[in-house]
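**Student:** If you scroll down you'll find the structure; I have some questions about it.
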Amino acid sequence: MAKALPWFPLVSRILAAVAGGYAFAWGFTSLVIALSLQQGVDYDEARKLAYLLAFLVYLAVFLWAFSAQSLLRVWLVLGGGGAAMTAAALWLVQPT
Amino acid sequence: MFSSFRLSMTWVHTWFGLVLGYVLMACFFFGSLSVFDREIDRWAIPETRYEPQPMPSFDKLLLPIFKAIEPRQESYDEAQKEVHGPLPPREKMVAGEFGAYTTHRDPVLSMFSSFDVPNKPKNPNVDHVHVFGGVTIDPRDGTAISDDKLKIGSRFFYPLHYSLHLHWLDLGYWIVGFAALIMLVALVTGVVMHRKIFREFFTFRPKKQTQRSVLDLHNLTGVVALPFHFFFAFTGLVIFAGIYLPVTGPMFKAQAEAHEKIEEERTGLPHDPAGVAAPLASVDAMVVEARRRWAERDMAGEVGFLGVTHYGDANGYVSVYRAGTDRVTLTGQGIHFRASTGEVILEDPQPSTVAGIDDWLTGLHLQHFRHWLLRWFYVLGGLAGCVCIATGFIFFVEKRKRQHARSGSAGVRVVDALAVAAVTGMLVATVTMLVANRLLPPELPARGDWEERIFWLAWLLALLHAGWRSAPMARAQRSPAWRAQCLALAVLCVAAPLLNWITTGDHLFKTLSKGYWPVAGLDLVLLLSAGIAVLVARRLRHGEAAEGVEQENPEASHA
């Protein structure tokens, strides 16, 4: 850790891991619930299933955020992926 | 950003581990104490030092007490902030729900009432706000135990390990939740950093230089209890998942409401009161029936939780849950009765696969089972976690202290002072609270609040002391604060059992000969801790002498 790391990419990467990872976990949770509901799974059951997986997903993407080469890709996958999954979940459960 | 995968994982492990390590230290330590929270309660409230009691008669003993419970002022004020318009006057509120909870380790019974609030909540995602009231009684005769007496184990140390007692915006929960995620991260990155994981099971070289033996111990305690650490951080997150990922309100409100309707139809348990008054049949008869049904299913057991929902209403029902002393999974086997007639409405079915896994993980964390050896393994696992975190701090400091001393950086000096506060300071604060518990006048109003203030104050003083004594770190030498606080801890750990003897007469010979383990156990652990603290202080003094620090005898006893 002797040489100083440039601060902007570092802060951006930390934010991507923490906030982007959270957005991704949120999107993942929503999508698992929405897809399960589509399959006729009971809401409570769907929510429990999503919660059991969500933190493992958060853990995985958090670590990936630090190991990936391209910071832009990290932001796109985590922020964009989280938003896309959330939108997909909302679309799946919209009242028809 | 980093030249290799391993380096990036090392960076994450070092820096996130360092920053959140201070929080994790408290979570692991107070979590470990929570394994014996009921026993700590007995030590702290001497008038409750008698054997655990079964659920008493509801009809004769509990019902009149439930009816007399008033809404708690703080809960009333809290609810007022969350709703539109003024609440009905506090003394006019009528309880809609009762609950009584006990475990195989509880001589006392916790009772609570919930009062319905007619006002509309400000948060559109909440459908009801409730005001709560509660009382703790001696179930043998119904005498109330004053709220001024704090249950230090179950109401202070236990919530501290998941909420930090920081309730503004649930901030404590979020900090602990993030720390738990970082615990998982630290475990995975730790494994990535060290390839020779099998060898680390058996490697500890205490005679090597500090940096080496500290790292051995860090790896050993991390690896030996790796599944334990992972499970506790993970299940902690799952237990509070509803707080961390509150998707229901903003995204699935309609689905959640539909689910409640389906549940209501499936179970026959009314979600809302009917608004028609109805009497309450004998609850004791319902308890007899519930126990008969458990015995029939070959799961004879005691009542753990007894609840009345929609009390006094035609839709009212009584739920009797079994205490889960004989299995890991969180279990209820609840049997629900119509309150007005006593007929069975529903026997809880077996949980589905997902709910079963969820119950098992939650049960593994909350340990309602009766198994004393396993309970001690939980404590050892938690303390191994504490050693792992503490040695992480020390390794961080040892590795950098010479370089920082040369360059004049205050980095490790700050880290080390915070580590002193997080390790020995936390222990000093904990035992100071126990000492204060025995020294404060028994009838002091709001006695528990004073105990809490003394705890935080002691911790703050330990931090200030650590900062004040940190100067030798600037010369790459060890801070004498470690040793001084070890000695302070030793003194406190002897004082606590002595004060327990003086104020209650329950000395170790008496509690041991009677086999009263809740108090004997804590006294013995305190004395053992005093011994360890003295040994550590002696080793630290040798270390300091070897570093060429001048002897500072008078300072050793100032704390």
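**Student:** So which residues in the stretch A:20-44 are surrounded by fewer than 22 Cβ atoms within 10 Å (Cβ to Cβ) and either without any contact (Cβ under 8 Å) to a residue 40 or more places away in the chain or of a type in the set (F, W, Y) (or both)? Reasoning before the result, please.
**Tutor:** Filtering the stretch A:20-44 for residues surrounded by fewer than 22 Cβ atoms within 10 Å (Cβ to Cβ) gives A:22-23, A:31, A:35-44.
Of everything in the stretch A:20-44, those that are surrounded by fewer than 22 Cβ atoms within 10 Å (Cβ to Cβ) and either without any contact (Cβ under 8 Å) to a residue 40 or more places away in the chain or of a type in the set (F, W, Y) (or both) turn out to be A:Y22, A:S36, A:Q39, A:G40, A:V41, A:D42, A:Y43, A:D44.
**Student:** Quick check on the stretch A:75-96: of everything there that is within 10 Å of another protein chain (Cβ to nearest Cβ) and in a helix (DSSP H, G or I), which residue is most open to solvent (accessible area, probe 1.4 Å)?
**Tutor:** So the residue we want is A:L90.
**Student:** Being open to solvent by 60 Å² or more (accessible area, probe 1.4 Å), farther than 27 Å from B:E51 by Cα and modelled with pLDDT under 95 is the requirement here; does B:D127 meet it? Before the answer, list the steps.
**Tutor:** Numbers: open to solvent by 60 Å² or more (accessible area, probe 1.4 Å): yes; farther than 27 Å from B:E51 by Cα: yes; modelled with pLDDT under 95: yes.
Yes: the conditions hold for B:D127.
**Student:** Could you say whether any residue in the stretch B:69-79 is open to solvent by 60 Å² or more (accessible area, probe 1.4 Å), more than 14 Å from chain A (Cβ to nearest Cβ) and not in a helix (DSSP H, G or I)?
**Tutor:** Step one: of the stretch B:69-79, the residues open to solvent by 60 Å² or more (accessible area, probe 1.4 Å) are B:70, B:72-74, B:77-78.
Then drop every residue that is not more than 14 Å from chain A (Cβ to nearest Cβ), which leaves B:70, B:72-74, B:77-78.
Filter again for not in a helix (DSSP H, G or I), leaving B:70, B:72.
Within the stretch B:69-79, one or more residues are open to solvent by 60 Å² or more (accessible area, probe 1.4 Å), more than 14 Å from chain A (Cβ to nearest Cβ) and not in a helix (DSSP H, G or I).
**Student:** If B:V276 passes every condition in (1) more than 14 Å from every other protein chain (Cβ to nearest Cβ); (2) under 14 Å from B:E347 (Cα atoms) but one, which one does it miss?
**Tutor:** (2)
**Student:** Now for a different question. Assess whether B:G133 counts as being open to solvent by less than 40 Å² (accessible area, probe 1.4 Å), part of a helix (DSSP H, G or I) and either over 30 Å from B:L20 (Cβ atoms) or in contact with a helix residue (DSSP H, G or I) (Cβ under 6 Å, 6 or more places away or on another chain) (or both). Give the derivation first.
**Tutor:** Details: open to solvent by less than 40 Å² (accessible area, probe 1.4 Å): yes; part of a helix (DSSP H, G or I): no; either over 30 Å from B:L20 (Cβ atoms) or in contact with a helix residue (DSSP H, G or I) (Cβ under 6 Å, 6 or more places away or on another chain) (or both): yes.
Judged against the criteria, B:G133 is not a match.
**Student:** Could you tell me whether B:K149 is open to solvent by less than 60 Å² (accessible area, probe 1.4 Å), among the basic types (K, R) and modelled with pLDDT under 95? If you could, list the steps in order and put the result at the bottom.
**Tutor:** On the way: open to solvent by less than 60 Å² (accessible area, probe 1.4 Å): yes; among the basic types (K, R): yes; modelled with pLDDT under 95: yes.
Considered against the rule, which asks whether it is open to solvent by less than 60 Å² (accessible area, probe 1.4 Å), among the basic types (K, R) and modelled with pLDDT under 95, B:K149 comes out as yes.
**Student:** All but one of (1) under 12 Å from the mean Cα position of the chain (by Cα); (2) more than 9 Å from chain B (Cβ to nearest Cβ); (3) more than 30 Å from B:S3 (Cβ to Cβ) hold for A:Q39; state the number of the condition that does not hold.
**Tutor:** Every listed condition holds for A:Q39 apart from (1).
**Student:** Given the criteria within 28 Å of A:V57 (Cβ to Cβ) and at the interface with another protein chain (Cβ under 10 Å from one of its Cβ atoms), does B:A186 qualify?
**Tutor:** On the way: within 28 Å of A:V57 (Cβ to Cβ): yes; at the interface with another protein chain (Cβ under 10 Å from one of its Cβ atoms): no.
Answer is no for this residue.
**Student:** Would a scan of the stretch B:89-105 turn up a residue that is in contact with a helix residue (DSSP H, G or I) (Cβ under 6 Å, 6 or more places away or on another chain) and within 16 Å of B:I45 (Cβ to Cβ)?
**Tutor:** yes
**Student:** Further question: Is it the case, given these coordinates, that B:W482 is touching a residue at least 24 places away in the same chain (Cβ under 8 Å), closer than 27 Å to B:F396 by Cα and open to solvent by less than 50 Å² (accessible area, probe 1.4 Å)?
**Tutor:** Details: touching a residue at least 24 places away in the same chain (Cβ under 8 Å): yes; closer than 27 Å to B:F396 by Cα: yes; open to solvent by less than 50 Å² (accessible area, probe 1.4 Å): yes.
Against the criterion (touching a residue at least 24 places away in the same chain (Cβ under 8 Å), closer than 27 Å to B:F396 by Cα and open to solvent by less than 50 Å² (accessible area, probe 1.4 Å)), B:W482 qualifies.
**Student:** B:D272 passes all but one of (1) of a type outside the set (A, V, I, L, M); (2) under 27 Å from B:W360 (Cβ atoms); (3) in contact (Cβ under 8 Å) with a residue 24 or more places away in the chain; (4) not assigned by TED's automatic domain parsing to the domain that holds B:V379; which number fails?
**Tutor:** Condition not satisfied by B:D272: (2).
**Student:** Tell me which residues, restricted to the stretch B:485-503, are open to solvent by less than 20 Å² (accessible area, probe 1.4 Å) and within 19 Å of B:I45 (Cβ to Cβ). Step through it out loud before you land on a result.
**Tutor:** Narrowing the stretch B:485-503 to residues open to solvent by less than 20 Å² (accessible area, probe 1.4 Å): B:485-486, B:488-490, B:493, B:496-497, B:500.
Selection gives B:A496, B:P497, B:N500.
**Student:** On to the next question. Return the residues of the stretch B:234-261 that are more than 9 Å from chain A (Cβ to nearest Cβ) and hydrophobic (A, V, I, L, M, F, W, C); say none if nothing qualifies.
**Tutor:** The answer is B:I239, B:F240, B:I243.
**Student:** Please work out which one of (1) assigned to a helix (DSSP H, G or I); (2) facing chain B (nearest Cβ under 10 Å); (3) surrounded by fewer than 15 Cβ atoms within 10 Å (Cβ to Cβ) is the condition A:Q69 fails and give its number.
**Tutor:** That leaves (1) as the condition not met.
**Student:** Now for a separate question. With B:F115, B:F16, B:F29 as the choices, which residue is more than 24 Å from A:L59 (Cα to Cα) and of a type in the set (F, W, Y)?
**Tutor:** Values: B:F16 fails: more than 24 Å from A:L59 (Cα to Cα); B:F29 fails: more than 24 Å from A:L59 (Cα to Cα).
When all the criteria are applied, what remains is B:F115.
**Student:** Can I ask one more? Out of (1) more than 30 Å from B:V308 (Cα to Cα); (2) more than 14 Å from chain A (Cβ to nearest Cβ); (3) in contact (Cβ under 8 Å) with a residue 60 or more places away in the chain; (4) small (G, A, S), what's the single condition that is false for B:G177?
**Tutor:** Of (1) more than 30 Å from B:V308 (Cα to Cα); (2) more than 14 Å from chain A (Cβ to nearest Cβ); (3) in contact (Cβ under 8 Å) with a residue 60 or more places away in the chain; (4) small (G, A, S), only one is false for B:G177: (2).
**Student:** Out of the stretch B:504-539, which residues are open to solvent by 70 Å² or more (accessible area, probe 1.4 Å) and either in contact (Cβ under 8 Å) with a residue 40 or more places away in the chain or among the β-branched types (V, I, T) (or both)?
**Tutor:** Matches in the stretch B:504-539: B:W517, B:I532.
**Student:** Also, quick follow-up: Scan the stretch B:94-119 for residues that are part of a loop (DSSP other than H, G, I, E, B) and at pLDDT 90 or above and jot them down. Before the answer, list the steps.
**Tutor:** Keep residues of the stretch B:94-119 that are part of a loop (DSSP other than H, G, I, E, B), which gives B:94, B:102-108, B:117-119.
The answer is B:T102, B:T103, B:H104, B:R105, B:D106, B:P107, B:V108.
**Student:** Determine which member of the set B:P206, B:P227 is open to solvent by 20 Å² or more (accessible area, probe 1.4 Å), over 18 Å from B:S34 (Cβ atoms) and over 26 Å from the mean Cα position of the chain (by Cα).
**Tutor:** Details: B:P227 fails: over 26 Å from the mean Cα position of the chain (by Cα).
Result of the check over B:P206, B:P227: B:P206.
**Student:** Return yes when A:V11 is farther than 19 Å from B:F16 by Cα and more than 8 Å from chain B (Cβ to nearest Cβ) and no when it is not. Quick ask: steps written out before the conclusion?
**Tutor:** Numbers: farther than 19 Å from B:F16 by Cα: no; more than 8 Å from chain B (Cβ to nearest Cβ): yes.
No.
**Student:** For the stretch B:168-178, state whether one or more residues are surrounded by 20 or more Cβ atoms within 10 Å (Cβ to Cβ) and either out of contact with any strand residue (DSSP E or B) (no Cβ under 9 Å at 6 or more places or on another chain) or assigned by TED's automatic domain parsing to the domain that holds B:F395 (or both).
**Tutor:** Taking every residue of the stretch B:168-178 in turn, at least one turns out to be surrounded by 20 or more Cβ atoms within 10 Å (Cβ to Cβ) and either out of contact with any strand residue (DSSP E or B) (no Cβ under 9 Å at 6 or more places or on another chain) or assigned by TED's automatic domain parsing to the domain that holds B:F395 (or both).
**Student:** Could you count how many residues in the stretch B:329-372 are of a type outside the set (S, T, N, Q) and at positive phi? Talk me through it step by step, then tell me what you get.
**Tutor:** Our first condition is that a residue be of a type outside the set (S, T, N, Q); within the stretch B:329-372, this holds for B:330, B:332, B:334-339, B:342-349, B:351, B:354-361, B:363-366, B:368-372.
Narrowing further to those that are at positive phi: B:342.
Residues flagged as of a type outside the set (S, T, N, Q) and at positive phi within the stretch B:329-372 amount to 1.
**Student:** When the stretch A:45-66 is examined, which residues are found to be buried (at least 18 other Cβ atoms within 10 Å of the Cβ) and either more than 9 Å from chain B (Cβ to nearest Cβ) or under 20 Å from B:S8 (Cβ atoms) (or both)?
**Tutor:** Matches in the stretch A:45-66: A:Y58, A:L59, A:V61, A:F62, A:L63, A:A65, A:F66.
**Student:** Let me ask something else. Residues of the stretch B:448-469 being touching a Ser or Thr at 6+ places or on another chain (Cβ under 8 Å) and charged (D, E, K, R), which ones?
**Tutor:** Filtering the stretch B:448-469 down to residues touching a Ser or Thr at 6+ places or on another chain (Cβ under 8 Å) leaves B:454-455, B:458, B:462, B:466, B:469.
B:R469, the sole residue that qualifies.
The values are calculated or read from the model by the stated rules, or taken from the named source; none is laboratory data. Quick caveat, the model's predicted, so the values are computed rather than measured. We place every Cβ from the backbone using ideal geometry, glycine too, and count neighbours over all the protein chains shown. Side chains included, ligands, DNA and RNA excluded: accessible areas come from the protein's heavy atoms. Shrake-Rupley method; radii C 1.70, N 1.55, O 1.52, S 1.80 Å.
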